[in-house]
Every structure is written in structure tokens, then in C-alpha cells.
Amino acid sequence: MEFFTHLMIVRKRNKKYLLSASWWLVLLLLVSGPGWVSAEPGQEAERRLAKSARFLASDALRGRAMGSAGIRQAAEFIRDEFQRIGLETQVYNGEPYQTFDVTVGAQLGEINTCGLYPSAGDGRVPAAVELALDEDFTPLAIGGVGIFDLPIAFVGYGITAPEADYDDYRNVDVAGKAVIILRHEPQQDNPHSVFEGTDHSEHAPFRKKISNAFQHGAAAVIFCTDSYEIDSRLGQWQKRIKVAEEELAAVGDQQSEEADKFRSDLDYYKSQLEAERDPVLEFTRAGTDGETREIPAFHVRRGAINDLLAASGHPSLAEIETQIDRTLVPQSFDIKGWRLAGEVQIQREQVEARNVVGILEGAGRLADETVIVGAHFDHLGLGQEGSAKPGSEEIHNGADDNASGVAVLLEVARSLVNRTEPLARRVVFVAFSGEEIGLLGSAEYVRDPLFPLKDTVAMLNFDMVGRMKDNTLIINGTGTSEQFGVWIEELNKNFGLKITPSTGGFGPSDHSSFYAKEIPVLHFFTGSHSDYHRPSDDFHLLNVAGMRKVSQFVTDLTVLIANAPERVTYVKVAQKPLGDRRANPRPYFGSIPNFAEASGGYAISGTGPGSPAEKAGLRSGDVIVKLGDYRVGNLEDFDGALRKYSAGDTVPVVVRRAGKEQELTVTLDPPR
């Protein structure tokens with residue numbers, strides 16, 4: 001057996017005995033009593049797991065989107081299961097629900113106007129390019145609000161890509177201006193393009209382009225559909241029209257239900273073809289992001305932009321696109337003598353979100369200490385924002401993400417309740433809401449914990465545990481406590497799993513909120529797959545037998561943590577930064593996000609040990625509002641700004657601390 005480098009001390013009749021951590025494991029196995037490993041047949045456990053996951057991932061719940069009837073049904077199902085299992089659920093005014101408000105949608109306000117005006121000294125002349133709401137322009141829900149009157153610049157595709165030596169902002173100053181941006185990216189029909197070939201790269205999404213414009217000082221964004229997108233969409237509808245015409249010709253002019261259907265389809269396809277010739281995107285096409293931007297964003301018809309370009313003496317959009325595609329050289333310029341003016345009003349929709357909480361009390365001197373076991377139960381609803389299938393409006397059932405985790409959470413709770421001997425510490429089971437839109441449920445819990453965080457010894461998290469392959473279980477956070485690594489290895493001798501450990505405590509799931517509060521964490525995960533955040537993540541693809549193995553393993557590990565004579569020891573692990581590092585590796589900064597803080601900047605909850613951020617003097621509660629030359633309004637802005645620098649660069653960083661701005665200097669490290 002492996003031994004801890006630190007030894008535990010047992011006192012008995014004023015004498016000291018030294019035992020290794022592994023011997024503690026053996027002792028705990030002996031004293032834990034019946035129920036250490038569930039004696040219930042595996043088949044019955046799998047039946048329960050399948051029942052829970054099947055319901056949560058059913059079409060009836062329509063993807064469990066925030067604010068939907070489906071997520072309310074899911075919360076009620078978990079509540080009922082907690083009560084049936086025997087957990088204490090009357091914890092918040094007689095209910096199991098910790099409630100909080102989240103922004104989940106938006107709708108246009110009463111006033112939304114937009115016009116393109118020639119400059120006229122100290123006055124305004126009649127609009128040369130009239131813009132009608134829903135016909136020529138639409139505000140986008142992910143943008144900001146307000147009254148505006150701004151000079152205009154054209155910035156091509158609005159991309160800054162150092163890895164491709166391409167920057168649409170290189171030779172134009174857009175500070176305080178409205179910028180016109182083409183959708184997507186150059187060379188979309190070229191499989192050898194530096195922008196991911198014919199696939200869309202990280203630079204294509206709306207929010208990435210808005211973030212980049214914001215960083216460069218822009219005051220508004222005008223999106224315009226690119227010609228490649230229009231041609232592709234027209235081609236799709238033309239194919240459908242051809243098929244419908246052939247089907248109608250096959251049945252002749254007869255009056256029948258089948259012929260009427262073909263005629264109806266043909267009329268619809270033709271109407272869609274006309275709409276796609278110069279589309280105006282709908283208000284929510286780019287998402288309904290609850291994070292309110294400071295700058296308004298619009299989608300404007302190509303014809304209106306072409307009229308503006310012609311009136312100001314510039315080439316057409318098609319000519320500019322052809323030039324960029326041919327040379328991969330940006331074609332950006334000020335549109336002198338013209339302004340964008342108007343007003344945007346957006347009403348944000350807030351809903352009440354719920355964490356579902358159940359308690360299994362401990363017994364004895366350690367009963368006031370707490371172990372958290374959690375899993376999130378929200379998902380993407382009908383997709384759209386967050387979906388890996390852009391434009392999809394199909395139900396995203398989220399069977400693996402995270403019906404599987406909730407089903408395992410319930411099974412662990414049942415196994416622990418059915419033990420004949422009480423645990424030494426309290427176990428709090430939490431089904432978190434709002435994980436998919438920013439770890440909001442777990443952030444709310446650590447902001448307002450049911451039991452003090454100082455007495456919370458560990459947090460165990462299930463997220464995507466339904467696709468076990470080759471008996472492999474990935475466990476993140478193994479380095480966040482001195483005890484975890486050895487205990488996991490010893491326990492696994494009873495299971496024979498192929499454990500893939502990762503030491504870090506931060507990651508894109510709810511355990512991060514707890515680790516930011518210096519609580520040891522473990523995140524259980526059975527691996528990524530091509531169905532992630534797609535409509536195809538369905539129940540029939542789950543490995544229910546693998547879920548049972550996870551539940552049994554974590555049940556035993558929870559007993560060990562809850563019954564240990566001394567609480568597990570927190571370790572601050574040097575953290576690898578998150579994010580896509582394939583094309584443009586970002587240097588290491590070392591900040592820890594605070595997802596619960598909406599602050600008009602990038603709020604941090606701390607810094608990594610020995611990180612550039614720590615050395616520069618950043619600390620918990622700081623809000624980063626500028627990095628180098630780039631404004632920062634949120635985490636995405638910060639990530640984009642950071643990627644514009646290299647390891648070794650010394651960069652000023654402006655933070656808001658206690659209501660006042662303060663400039664610090666950070667020297668960036670190589671990517672980790």
C-alpha cells in the first residue's frame with residue numbers, strides 16, 4: 001500500500017499511535033458497518049437509474065430549459081425522489097427549494113428606431129437610407145440598449161486573428177463608432193482556409209465579434225449577412241422547390257389531399273426563397289443572453305448597407321468580400337460623412353430558478369460538518385444559444401448532460417440513507433439549476449449556503465456520467481486534498497475501474513464554485529462525445545450499468561469522507577487555464593472567475609498560486625475592466641484580450657476595487 005507523507009494521530013488513554021492513511025482506510029472499512037457497499041442487487045439499482053434518467057431526458061420535459069415548464073417538472077421530480085428516499089427536504093420555509101432570479105430571455109421594448117443619416121454640420125438632414133423595424137433592421141437581444149448617434153466604420157468580418165496574421169481592426173480606429181460587420185468569416189468555401197477550412201472557426205459567432213468590437217472601443221455593432229451564407233441558403237430552398245415541383249408533377253393536376261400538400265409546400269418554399277434573398281434576422285437569432293452588453297447590436301439588410309456604401313463612394317459588399325477572399329487582406333475604412341442614430345429598448349425576462357436540496361444528518365461530534373454531493377439538472381431546451389448544432393430548434397434532451405448525473409445523485413442518496421449506521425458528518429444533496437448559463441445555481445449556494453462553508457469539508461459533483469467506455473471513470477480534483485488520491489486508489493481495488501485522474505479543482509461545472517471557496521472537490525465524468533449539446537444526446541445512448549458503477553464507487557467514497565476522523569485537507573492546485581488553445585494559445589494569467597458576480601467587467605474570486613495575477617497583486621473581489629489596450633466587459637472579453645498578447649509581455653491591467661479603478665502591471669507566463 002502507498003503511504004501518506006502526512007501521518008494521522010490517534011489518541012487513546014493519553015498515548016499517541018501513528019497510522020498511515022491507508023491503515024485509516026482499512027479501519028474505516030471495518031467500523032463503517034453494514035451498507036459500506038450496497039448489498040442490493042445491481043439489476044434493481046440499474047432499473048432505478050434508468051427510470052430517473054429516462055424521465056429527465058424525455059421529450060415531455062423539452063430539454064429542461066431555464067424558466068420552462070420542463071425544468072419545473074424536473075425540480076418537482078427530484079423533490080419527490082428526495083422525499084421518497086428519506087432525505088430531510090423542509091429546509092427552506094418548509095420546501096426543498098433554494099430560489100434565485102436569472103435572466104433567461106428578452107423582448108423588444110416599445111421604442112426601437114434606427115437610421116443612417118448624412119452628417120450636416122450642427123443639425124440632421126432627412127435620412128438618406130430609411131430603416132424600418134423588422135423589414136430593414138432588427139436589434140439583437142444580446143446587445144445593449146440606449147439612445148445613440150454615432151459615426152460609422154466598416155470593419156469587414158470584424159475578426160482579430162493573430163494566428164492567421166489577419167486583423168480587420170488593424171488600420172482603422174473604431175473608438176466611439178458604430179461598426180458594420182459581415183457575418184461568419186472569409187474563404188468559407190475553401191477547405192484550406194486558415195479559418196478552420198469550410199467549418200466555422202472560433203471567430204465566427206456573434207458574441208465573439210461583439211466582444212472583439214467592444215475591446216476595440218466600438219459603441220455599436222451592425223451585422224450584415226455575408227453573400228456566401230445567402231447563396232447557400234438560396235441553394236437549399238431551390239433544391240426543395242425542385243423536389244416539390246417534381247412531386248406535384250407526378251400527381252398531375254388532380255385535386256387530392258396529397259396534391260394540396262405538395263402545392264402548399266411549394267408555396268411555402270418559394271416564400272422562404274424570397275425571404276432569404278436579403279434576410280433580416282430575428283431579434284433572438286444570436287441568443288437571449290442574460291448578460292446585458294453596454295453596446296447595442298443590430299442586424300441590417302444587405303441592400304441598406306449597399307445603399308450606404310454606394311452613397312459614400314465605396315465598393316459594394318460583394319466586391320469587398322471577393323477582394324478579401326482573394327487576398328486575405330482586410331478591407332476596413334471609415335464611412336465619412338454618415339452617422340447611425342436611433343434608440344433601442346429591450347425588456348429582459350427574469351425567472352425564478354431553483355436548487356433542490358435534501359439533507360442526510362450525521363451523528364456524533366462531527367455532525368455539524370458537511371459534505372456536499374451535487375449534480376445540475378438544467379439543460380438547453382430547444383437548443384439555440386449553447387447548442388453545438390447552430391440554428392437547431394429541436395429538443396435537446398441532455399440525457400448524459402446531465403440527466404445521468406442527477407440519476408446517480410439520487411442513487412447515492414438512496415444508498416447512504418439505507419445504511420444501518422449513521423454517517424459521522426452531514427451530507428447535503430443538491431440538484432443545481434442554471435449550470436448551463438454560468439454555474440449560477442452553485443454560485444448561489446456558495447453565496448448563501450445552507451450550512452457554513454467553513455464547516456463544509458468537501459464537494460462531490462456528477463456531470464456527464466452516463467457514457468462510460470472501457471470501464472473508464474475520469475475524476476477531476478484529485479489534487480485538491482491530500483487524501484483524495486490514495487483513497488481513490490485504495491477504493492478502486494474493490495471496483496477495478498480505469499481511473500483517469502486530474503488534479504485541478506476548476507472546470508466548467510458546479511464544483512468550481514466550491515473550489516473557489518477553498519473547499520476540496522471531486523468531479524466525476526465519463527468522457528466527452530459527439531452528442532454533447534446536441535439533440536442526439538438521448539437516453540438510449542446511456543450506459544446504465546456504467547452509471548451504477550459510478551454510483552457505487554462514489555457512495556463508498558462519500559462514506560469514507562464523511563466518516564474520516566479528521567476532515568480532508570484542502571490543497572490549492574496550480575491551475576491550467578480554460579479555453580480553446582488550438583489556434584492561438586493564450587498566455588497564462590491565473591485569475592479565477594466569479595460567475596455569480598454581474599459587474600460590468602470580469603469579476604474574479606481569486607488567483608492561482610504563484611500565477612502572474614497573484615504576483616501583480618490582483619485579489620478576490622477585483623473586477624477587471626481593461627487589459628492592455630482592450631476594454632473588458634465580461635469573461636469572454638478578457639479571454640479575447642488575453643489572446644492578443646504573448647508569454648513574457650508586461651501588460652497593464654485596470655481593476656475596479658472597492659468602487660475605484662486601480663492600475664496594476666502583470667507579466668504573462670507561457671500557456672499551461
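The values are calculated or read from the model by the stated rules, or taken from the named source; none is laboratory data. Worth saying up front: this structure is predicted, and the values here are computed from it rather than measured. Cβ atoms come from the backbone with ideal geometry, glycine included; neighbour counts cover every protein chain shown.
Name, by its number, the condition in (1) touching a Phe, Trp or Tyr at 6+ places or on another chain (Cβ under 7 Å); (2) within 15 Å of Glu294 (Cα to Cα) that does not hold for Pro186.
(2)
Can you pull out every residue in the stretch 92-107 that is modelled with pLDDT of 90 or more and either under 30 Å from Gly386 (Cβ atoms) or in contact with a helix residue (DSSP H, G or I) (Cβ under 9 Å, 6 or more places away or on another chain) (or both)?
Listed by number, the residues that qualify are Tyr92, Glu95, Pro96, Tyr97, Gln98, Thr99, Phe100.
Given the condition surrounded by fewer than 20 Cβ atoms within 10 Å (Cβ to Cβ) and in contact (Cβ under 8 Å) with a residue 12 or more places away in the chain, answer yes or no: does some residue in the stretch 300-307 qualify?
Yes, the stretch 300-307 contains at least one residue that is surrounded by fewer than 20 Cβ atoms within 10 Å (Cβ to Cβ) and in contact (Cβ under 8 Å) with a residue 12 or more places away in the chain.
Can you find a residue that is surrounded by fewer than 23 Cβ atoms within 10 Å (Cβ to Cβ), aliphatic (A, V, I, L, M) and either within 28 Å of Arg207 (Cβ to Cβ) or outside the structural domain of Ser52 (by TED's automatic domain parsing) (or both) anywhere in the stretch 420-432?
For the stretch 420-432, residues surrounded by fewer than 23 Cβ atoms within 10 Å (Cβ to Cβ), aliphatic (A, V, I, L, M) and either within 28 Å of Arg207 (Cβ to Cβ) or outside the structural domain of Ser52 (by TED's automatic domain parsing) (or both): absent.
Please give the number of the condition Ile335 fails out of (1) surrounded by 20 or more Cβ atoms within 10 Å (Cβ to Cβ); (2) more than 33 Å from the chain's Cα centre (by Cα); (3) part of a loop (DSSP other than H, G, I, E, B); (4) hydrophobic (A, V, I, L, M, F, W, C).
Here Ile335 clears every test but (3).
Looking at the structure I just gave you, is Tyr630 without any contact (Cβ under 8 Å) to a residue 60 or more places away in the chain, crowded, with 19+ Cβ neighbours inside 10 Å and not assigned by TED's automatic domain parsing to the domain that holds His511?
no
Only one of Ala175, Ala128 is at pLDDT 90 or above and over 27 Å from the mean Cα position of the chain (by Cα). Can you tell me which?
So the residue among Ala175, Ala128 that is at pLDDT 90 or above and over 27 Å from the mean Cα position of the chain (by Cα) is Ala175.
Condition check: over 31 Å from the mean Cα position of the chain (by Cα) and not in a helix (DSSP H, G or I). Does Gln272 satisfy that?
No.
Determine which member of the set Thr322, Thr292, Thr370 is of a type in the set (Val, Ile, Thr), at pLDDT 95 or above and either surrounded by fewer than 21 Cβ atoms within 10 Å (Cβ to Cβ) or touching a helix residue (DSSP H, G or I) at 6+ places or on another chain (Cβ under 7 Å) (or both).
When all the criteria are applied, what remains is Thr370.
Is the stretch 192-200 home to any residue that is under 15 Å from Asp334 (Cα atoms), buried (at least 21 other Cβ atoms within 10 Å of the Cβ) and either free of Cβ contacts under 8 Å to residues at least 40 places away in the same chain or not polar (S, T, N, Q) (or both)?
The answer is no, given that none of the residues of the stretch 192-200 is under 15 Å from Asp334 (Cα atoms), buried (at least 21 other Cβ atoms within 10 Å of the Cβ) and either free of Cβ contacts under 8 Å to residues at least 40 places away in the same chain or not polar (S, T, N, Q) (or both).
Tally time: how many residues in the stretch 40-76 are of a type outside the set (Gly, Ala, Ser), closer than 14 Å to Ser433 by Cα and at pLDDT 95 or above?
6
What number of residues in the stretch 187-228 are small (Gly, Ala, Ser) and either outside the structural domain of Thr322 (by TED's automatic domain parsing) or farther than 21 Å from Gly146 by Cβ (or both)?
Number of matching residues: 5.
The conditions are (1) under 20 Å from the mean Cα position of the chain (by Cα); (2) over 27 Å from Glu518 (Cα atoms), and Glu436 fails exactly one of them. Which is it?
Looking at each condition in turn, Glu436 falls short on (2).
Examine the stretch 233-242 for a residue that is under 29 Å from the mean Cα position of the chain (by Cα) and either of a type outside the set (Lys, Arg) or outside any loop (DSSP other than H, G, I, E, B) (or both), and state whether such a residue exists.
yes
Which condition number in (1) in contact with a Phe, Trp or Tyr (Cβ under 7 Å, 6 or more places away or on another chain); (2) among the hydrophobic types (A, V, I, L, M, F, W, C); (3) more than 18 Å from Gly405 (Cα to Cα); (4) surrounded by 19 or more Cβ atoms within 10 Å (Cβ to Cβ) is the one that Phe77 fails?
For Phe77, the failing item is (3).
Of everything in the stretch 377-410 that's out of contact with any strand residue (DSSP E or B) (no Cβ under 8 Å at 6 or more places or on another chain) and of a type in the set (S, T, N, Q), which residue is modelled with the highest pLDDT?
Asn397
Quick test for you: out of Gln331, Gln272, Gln238, Gln323, pick the one residue that is polar (S, T, N, Q), in contact (Cβ under 8 Å) with a residue 60 or more places away in the chain and assigned by TED's automatic domain parsing to the domain that holds Thr113.
The unique qualifying residue is Gln331.
Considering Ala353, Ala341, which residue is of a type in the set (Gly, Ala, Ser), crowded, with 16+ Cβ neighbours inside 10 Å, part of a strand (DSSP E or B) and not assigned by TED's automatic domain parsing to the domain that holds Gly287?
Matching residue, one of Ala353, Ala341: Ala353.
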